[in-house]
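Since the structure comes first, as structure tokens, the remarks are kept for the end.
Computed from the coordinates by the stated procedures, all read-outs in this text should not be read as laboratory data. On a predicted model such as this, the values are computed, not experimentally measured, just so you know. Here the Cβ positions follow ideal geometry from the backbone for every residue, glycine too, while neighbour counts run over all protein chains shown.
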Amino acid sequence: MKPRHFFDLVPGRVIAKNYRVEGLLGRGYEGEVYLVSERLTGARRAAKIFYPERNEKNAAATHYAQKLERLRDCSMVIQYHHAEQIQLQGEPVSVLISEFVEGQLLPGLLSGYRARRMPVHEALCLLRTIAAGLAEIHEKREYHGDLHAQNVLVRRRGVHFDVKLVDMYDRGRANRFHIQQDVCDVVRILYDLVGGKAYYASQPPVIKQICLGLKCTLITQRYPTAWHLCRHLDTFQW
């Protein structure tokens, strides 16, 4: 079900009295995310504005804020600041203000590679970084819930990648299924990084030993947790 309408806030508009809109960062199932700046200091923030029909009784915004707060010590989680309620298009909507992190979503990063394919060694390094971040989240008995390329924000730093995992989705209390689904989802990211279905048959064994034909049962048998995947990436033989 699509939202009844988009907000389409124009640059320069002031929301919650204190924030000036600079531009749209992206849209998701629950709402829209804007780059905003504090009117008093000029500090840049991210503002997630929830679609009312996806946020009945403020449940989605509350779950998301509480999840970010529980995960505030995890290195790959956006830091939550505070919540506001504003009027848009004649109805109250919830806004979550959080840190703004510069970088590219994975599809944008891949667009800079020939045939949108990342070299194997580089893709494995990025996978290791994401898997370590997931392991931190899972140690808190939480999960991402909607991990895919559009929810991975990346910035290069020397030979490393700085990564933030955004737009986590609440699917209820964490259990083994949620955690293992995160593992399958991060393996799917590797599969897409190196070219997806069109190139899978020609991938080297180091890729196929992880992707396992994208069969989630096989993946979770070999890598029950993100830490198991990290250990494999740290010790496998080329």
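When the Cα positions of P205, V163, I97 are compared along the charge dipole of the chain, P205 comes out farthest toward the positive end, with charges on each C-beta of Lys, Arg, Asp and Glu.
Histogrammed with a bin width of 10 Å, the alpha carbon distances of the range 121-208 distribute as 16, 47, 30, 6 percent, first bin at zero. Scanning residues 5 or more positions from L105 or on other chains, those with amide H under 5 Å from its amide H are V154, with H placed 1.01 Å from N in the peptide plane. Projecting the Cα positions of T41, I219, G26 onto the charge dipole of the chain (unit charges on Cβ atoms of Lys, Arg, Asp and Glu, taken about the Cα centre) puts I219 furthest along the positive direction.
The orientation-averaged projection of the convex hull spanning the C-alpha atoms of the range 79-174 amounts to 8.6 square nanometres. For the range 86-144 and the range 197-222, write down the distance between their C-alpha centroids in whole Å. If you average the Cα positions of each part, the centres end up 22 Å apart.
About the Cα centre of the range 104-235, what is the dipole size in debye to 20, counting +1 per Lys and Arg Cβ and -1 per Asp and Glu Cβ, all else neutral? Intermediate values should be presented prior to the final figure.
Values: 19 positive and 12 negative charges, 63 e Å.
In debye, rounded to 20, the range 104-235 gives about 300.
Excluding I219 itself, calculate the net charge of residues whose Cβ lies under 13 Å from the Cβ of I219, where each Lys or Arg counts +1 and each Asp or Glu counts -1. Result for the local shell: +2.
Please report, largest first and rounded to whole Å, the three semi-axes of the ellipsoid equivalent to the range 14-99, where each semi-axis is the square root of five times an eigenvalue of the C-alpha gyration tensor. Display every interim value, and only then the final one.
On the way: eigenvalues 68, 65, 24 Å².
Rounded to whole Å, the semi-axes are 18, 18, 11.
Using only side-chain charges placed at the Cβ, +1 for Lys and Arg and -1 for Asp and Glu, the dipole size of the range 10-102 relative to its Cα centre rounds to 140 debye.
In this rough spin-label picture, where each label sits 7 Å from Cα along the Cβ direction, the H148-A16 distance is 2.8 nm.
What size of dipole, in debye to the nearest 20, comes out for the chain about its Cα centre when the only charges are +1 on Lys and Arg C-beta atoms and -1 on Asp and Glu C-beta atoms? Kindly include the intermediate steps, with their values, before the conclusion.
On the way: 34 positive and 25 negative charges, 93 e Å.
Computed about the Cα centre, the dipole is about 440 debye.
For the chain, which DSSP H helices look membrane-span-like by this rule: Cα extent along the axis of 15 Å or more and mean Kyte-Doolittle of at least 0.5? Please list the in-between numbers first.
On the way: long enough: 59-70 (16 Å, -0.80); 120-139 (28 Å, 0.78); 176-193 (26 Å, 0.19).
Within the chain the helices that satisfy the rule are 120-139.
Think of the chain as a dipole: +1 on every Lys or Arg Cβ, -1 on every Asp or Glu Cβ, centred on the Cα centre; then among L190, L106, G145, L190 lies furthest on the positive end.
Out of the range 1-56, which chymotrypsin sites (Phe, Trp or Tyr not before Pro) are coil in DSSP terms and have no more than 14 other C-beta atoms within 10 Å? If you can, show how the numbers build up before the last one.
Details: sites: F6, F7, Y19, Y29, Y34, F50; in loops: F6, F7, Y29.
The qualifying sites are F6, Y29.
With N the number of residues in the chain, Rg(Cα) / (2.2 N^0.38 Å) evaluates to 1.07.
Take the Cα of R141, go 7 Å toward its beta carbon, and the backbone nitrogen atoms of the range 152-192 under 11 Å from that spot belong to 174-175.
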